[in-house]
Amino acid sequence: MLTYLSQSFAIGAFWFLKILGLKEFSTKDFTINEKPVGPTIETKLQVAFIFLIHFGMFNVMYSLGLRTIFPDIKLGLIFPVSIIFFVYQCFSFFYNKKWESKKKPNIGSLMFFPYVRVLPMHLSFIVGGYCVSLIGGTFSSRIVLAIFMLLKTFADVYMHAVERKGFSD
């Protein structure tokens, strides 16, 4: 789960850059504080920084939660895996820029898309707490891990399919 979380940090960082790098975008059906906004530089900056803070806080809170639940976990292996995933995200960011620049994405769809990664972690915390209180022990940890892996797989497949389709209106 910590590896998945480190992946989310990398995805969030590059998604922030993706939003900042938009040259043209749609704001159809998108509002800020319940007010329609136009496709301006101010909108782009506001959306990018709201995303960075909000998505970042989700990941920080999950990091703290995992460190509280698993205080003895060794972080040595997670660091190299995180670096590899960061490099992959960097490659993906620059490679996908070619075809993404040909589309006019909806900034609202683009902003909310990475939150699909929050769902597996969030549901695992909820189900995990319930399993531990109901069953307890190692068996409940295995159930939570199996549920997490299933949800993570669905989230990854969904994100891949949607990202290939694009975020235009």
Test: residue in segment 152-168 that is at pLDDT below 85, outside any helix (DSSP H, G or I) and in contact with a helix residue (DSSP H, G or I) (Cβ under 7 Å, 6 or more places away or on another chain): yes
Segment 60-108, subset among the small types (Gly, Ala, Ser) and farther than 30 Å from Val132 by Cα, residue farthest from the chain's Cα centre (by Cα): Ser101
Complete set of residues in segment 124-142 that are at pLDDT 80 or above and surrounded by fewer than 15 Cβ atoms within 10 Å (Cβ to Cβ): Ile126
Residue that is surrounded by fewer than 17 Cβ atoms within 10 Å (Cβ to Cβ), touching a Gly at 6+ places or on another chain (Cβ under 8 Å) and either among the charged types (D, E, K, R) or closer than 18 Å to Val162 by Cβ (or both), where the choices are Lys23, Lys103: Lys103
Residue check for Phe51: closer than 18 Å to Leu110 by Cα, touching a Pro at 6+ places or on another chain (Cβ under 6 Å) and not β-branched (Val, Ile, Thr): no
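The values are calculated or read from the model by the stated rules, or taken from the named source; none is laboratory data. Predicted model only: the values in this text are computed from it and were never measured. When we count neighbours, we look across all protein chains shown, and the Cβ atoms used for this are built from the backbone with ideal geometry, even at glycine.
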